[in-house]
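Novice: This structure is in structure tokens; I'll ask about it shortly.
The values are calculated or read from the model by the stated rules, or taken from the named source; none is laboratory data. None of the values given here were measured: they were computed from a predicted structure. Virtual Cβ from ideal backbone geometry, glycine too; neighbours counted across all protein chains shown. Remember, those area values only see protein heavy atoms, side chains included, never the ligands or the DNA or RNA. Shrake-Rupley method; radii C 1.70, N 1.55, O 1.52, S 1.80 Å.
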Amino acid sequence: MPQGADLYISAEVKKARPILEGLSLGGVSGAGLGDFLDMTSTLTAAVFREEGRAGGRPRFYAAAAGKFPSARGGLFFGASRDWEKRVSAGGIGYWYSEKSGLAVFLGAKSAYLSHGDPFAPPPGAESPAALEELRKGAVLSGWLDNPAPAFKRIAAAFGIPLEIPARRLLFGVYPGKGEDYTAALTLETPSPIQAAALVRIFDLARRNIAGADFSSRPDLEALARALFAGVPRQEGAALILKTGTVSGRDLALLFNTISVY
């Protein structure tokens, strides 16, 4: 994946399928990628803010590993008027559709998708060191830079005037029973003092929301259950949040809410 994206996400597709089908990132909905997800074992994506598309940069890049019908795919693309053959900056051919705004490369064991050249330009992105621990046992993981505006919108929906001085959000999602999951969120702040203040604020919000009536706003109930179910704690300059048991659908709602769009 390229450097400079706002959101990075990796998933074991089969185990995270209920979440992926509810995601809508970079202008692409997981619900519309059923056939593609059927062929995919692992998926990695990078998403850029719409307003950050300098120089016509694609809104997203995705790389998948699996088993793909590369030969039949070429026959399909070649026979369709909606798709034209293009060549990437690295000299590799791929298919592009102006109508759908998608570029696709299909190999036998790998696939690449984007809104432009599907092969991400070098240098590649480097994962934050703190993500390594979150990835253990996770079926979906990643990070979001500058999550403060998203959390401010969520807090406003609950009627809480909350400012989040976070530079990065890291996350890991772990399998439960059936289509249920748990998740761990790490909010990295500029200093331990700010992390300690956030622990107090989140704990107060958790207590206040515990008795709230969400009968008219089930979407807010799902967010409350995800963000305020567990007792917040501090690790250095980071705030650690752990969700209760959450459905794949509700986790997709959470990620859609805090994503860059």
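Novice: Return a yes/no flag: does the stretch 187-195 have any residue that is open to solvent by 30 Å² or more (accessible area, probe 1.4 Å), under 21 Å from Leu131 (Cα atoms), assigned to a helix (DSSP H, G or I) and among the polar types (S, T, N, Q).
Specialist: yes
Novice: Can you tell me which residue within the stretch 29-46, out of those that are modelled with pLDDT of 90 or more and within 15 Å of the chain's Cα centre (by Cα), is surrounded by the most Cβ atoms within 10 Å (Cβ to Cβ)?
Specialist: Filtering first and then ranking leaves Ala46.
Novice: Looking at this structure, is Gly236 open to solvent by less than 10 Å² (accessible area, probe 1.4 Å) and either modelled with pLDDT of 90 or more or over 25 Å from the mean Cα position of the chain (by Cα) (or both)?
Specialist: No; evaluated as a whole, the condition is false for this residue.
Novice: Could you list all residues from the stretch 81-105 that are part of a loop (DSSP other than H, G, I, E, B) and touching a residue at least 12 places away in the same chain (Cβ under 8 Å)?
Specialist: Of everything in the stretch 81-105, those that are part of a loop (DSSP other than H, G, I, E, B) and touching a residue at least 12 places away in the same chain (Cβ under 8 Å) turn out to be Asp82, Trp83, Ser88, Ala89, Gly90, Ile92, Glu98, Lys99, Ser100, Gly101.
Novice: Would you please name the residue that is farthest from Lys136 (Cα to Cα), looking only at residues in the stretch 148-180 that are in contact with a helix residue (DSSP H, G or I) (Cβ under 6 Å, 6 or more places away or on another chain) and not aliphatic (A, V, I, L, M)?
Specialist: Pro165
Novice: Which of the following residues is under 20 Å from Thr40 (Cβ atoms) and either in a loop (DSSP other than H, G, I, E, B) or not polar (S, T, N, Q) (or both): Ala156, Ala120?
Specialist: Ala120
Novice: Just give me the residues in the stretch 196-250 being of a type in the set (Lys, Arg) and either over 28 Å from Leu131 (Cβ atoms) or in contact with a strand residue (DSSP E or B) (Cβ under 7 Å, 6 or more places away or on another chain) (or both), in sequence order.
Specialist: Listed by number, the residues that qualify are Arg207, Arg217, Arg225, Arg233, Lys242.
Novice: Let me ask something else about it. It is to be established whether one or more residues within the stretch 123-139 are in a helix (DSSP H, G or I) and acidic (Asp, Glu).
Specialist: Yes: one or more hits.
Novice: Here's a follow-up. For the condition under 20 Å from the mean Cα position of the chain (by Cα), modelled with pLDDT under 90 and of a type outside the set (Phe, Trp, Tyr), what is the one hit in Gly73, Gly55, Gly26?
Specialist: Among Gly73, Gly55, Gly26, only Gly26 is under 20 Å from the mean Cα position of the chain (by Cα), modelled with pLDDT under 90 and of a type outside the set (Phe, Trp, Tyr).
Novice: Evaluate the stretch 221-233: report whether one residue or more is open to solvent by 20 Å² or more (accessible area, probe 1.4 Å) and more than 22 Å from the chain's Cα centre (by Cα).
Specialist: yes
Matching residues to (1) open to solvent by 50 Å² or more (accessible area, probe 1.4 Å); (2) modelled with pLDDT under 90:
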site: Leu185; (1), (2): no, no
site: Leu204; (1), (2): yes, yes
site: Arg217; (1), (2): yes, yes
site: Leu251; (1), (2): no, yes
